[in-house]
Each structure stands twice: as structure tokens, then as C-alpha cells.
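Before any comments, here is the structure.
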Amino acid sequence: MTGRVSIRGLGHRFGDLPVLDDVDVEVQPGEVAALIGPTGCGKSTILRVLGGLLRPTAGTAEIDGVSVVGTPGRAGYMPQSDTLMPWYRALPNAALGAEVRGVPAAEARRRARALFARFGLAGFEDSWPSQLSGGMRQRVALLRTVLTEAPVMLLDEPFGALDAITRGDLQGWLAELIAETGHTVVLVTHDIDEALRLGDDVLVMSPRPGRIVDRVRVELPRPRPAAALVEPAATRLKARVLASLDPGDATGARPGGQT
């Protein structure tokens, strides 16, 4: 299997501002790591490093044992906004994922068209981005990311701008997609339920400069329905994540170590 992610001693500063400090992350092939923490703690910075878009001040970042520092294209990267090209219709927007890997445009569009129904987009191939709902735009953006055919997907709050009902629906759809494709995923989210629904590991980060303060292993079968989050095992995990995010909370001290 491919798609093993390894980060060691990662640190970064923007000028005099320290953002990350000595971050270690390991994600096994086919697993999902969900990064969660306060705004500004460096979650998106980690994705940009793994995407080859940012050279860190310190540390290493590898996919399958090969450095990705300063080398874009080793992972499929979906930023916070869908970044669809307004002058392209939905089909060519999705096909861009394959085109950036060197696939000729006609073949890229053939591959994209073959997946439109699987992504819940059948019938919207010729729609402009402005004609699509927020959820459909996110599906196009995810299809574009999948079509890069990279073993690792980097998803930066993919559903953060959506309403709760649409977000829940797309979380379930994404969980099934990941289980089907076997991608390794590093996901940034502010939503604990989303992290627990999608992740094999929930990596809790401290305020800036960001460090990993807890690794919460989610030993629940994937894909997980929303109802799984109200089961006792999930509620215990949620309590632990909450305690790690706020170690001064009166509900209890932050658990230490890893599981």
C-alpha cells in the first residue's frame, strides 16, 4: 500500500511569529488523521507543507519515504474554499485534477464524466459554478482532488462553510468514498463530531505555536453513520478531545500520552 505520511520535528515561523513547534505526525496508508485545534494553531500550515506549497523552518515531511518539502503534486490538496474556476463549467473544473498530472484534457474530462454520478453530480456536467449549490461545489472540488490520483488527500475544512444538514450529509458521503477508494487523508476541521466521524486518529493541537497535545485513536468501524456519534464509546472520545482542547476545564485534566 502507498500513502504513508510522516512528519518529524516540524516547526515554522512567519517572520517573528512562531506557528508550529516540534510537530510529529504519522498516518498509515488508508487511514484518516483529523487535525483539530484553535484558530491560528498551524493546522492549515501543516497541510501546505505536505502539499509542497510551503517550506517549513524546521523538520521533515515525507510521503512514502520521499520528502515533499517544496515539491507540489505528491498529494491531492483541497483548500478551504472550493476554488472552482468561474469561467469553466463543472466538468472541466473537475477534470483539472487529472490535467495537472499531465493527462490530456479530453481524457481527463472522460475520467471526470465517468465519476459524476458517483459524486452525486449527474446532469450537472455543463453547469457553471454559480449555478451549483454549496454542497455540489464541494463535490466538484473533491472530485477534482480525487482525479489527481495521488494516494494522499489533504482536505482543509472541506465542509466548514456549509449548513449543518448539508455538512452532515456530505460527511457521510465522504466517509463512504474514503472507505471505497482507500486514500490516506489528512483532514483539518474545527468540528469534533466531524473529526470523530471521519478520523482513525484525532490529533489535538495546542494554541499557537501549535503542538500535538493528544492523539485520540477512534476504534470504531468505518464508514460511520451519524448515529454512531451518540454511542457511549464516541461520547467518551468526544469528552477526551474536549478536555485536551481545554485542559483548564473543570470537567477534568487533559489526558496525557497516546493510545
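Within the range 163-175, can one find any residue that is charged (D, E, K, R) and under 30 Å from ALA105 (Cβ atoms)? Among the residues of the range 163-175, not one is charged (D, E, K, R) and under 30 Å from ALA105 (Cβ atoms), which makes the answer no. Exactly one residue out of VAL213, VAL185 is of a type in the set (Val, Ile, Thr), under 21 Å from GLY76 (Cα atoms) and either out of contact with any strand residue (DSSP E or B) (no Cβ under 9 Å at 6 or more places or on another chain) or touching a residue at least 24 places away in the same chain (Cβ under 8 Å) (or both), and it is VAL185. Please go through the range 64-108 and pick out each residue that is in the same structural domain as HIS12 (by TED's automatic domain parsing), buried (at least 16 other Cβ atoms within 10 Å of the Cβ) and more than 23 Å from GLU157 (Cα to Cα). Correct list: ASP64 only.
Take the conditions (1) under 18 Å from the mean Cα position of the chain (by Cα); (2) among the hydrophobic types (A, V, I, L, M, F, W, C); (3) not in a strand (DSSP E or B); ALA98 misses just one of them, which is (1). Residues that are among the charged types (D, E, K, R), out of contact with any Pro (no Cβ under 7 Å at 6 or more places or on another chain) and surrounded by 14 or more Cβ atoms within 10 Å (Cβ to Cβ) within the range 119-149 comprise GLU125, ARG139, ARG144, listed in sequence order.
Selection within the range 109-150: residues that are in contact with a Gly (Cβ under 7 Å, 6 or more places away or on another chain) and not in a helix (DSSP H, G or I). The member of this set that is nearest to GLY3 (Cα to Cα) is ALA150. The set of residues from the range 67-111 being among the polar types (S, T, N, Q) and at positive phi comprises just one member, THR83. Out of curiosity, is MET153 among the hydrophobic types (A, V, I, L, M, F, W, C), in a helix (DSSP H, G or I) and in contact with a Gly (Cβ under 8 Å, 6 or more places away or on another chain)? The answer is no for MET153.
The values are calculated or read from the model by the stated rules, or taken from the named source; none is laboratory data. Computed from a predicted structure; not experimentally measured. All Cβ positions, even for glycine, are placed from backbone atoms using ideal geometry, and neighbour counts span all protein chains on display.
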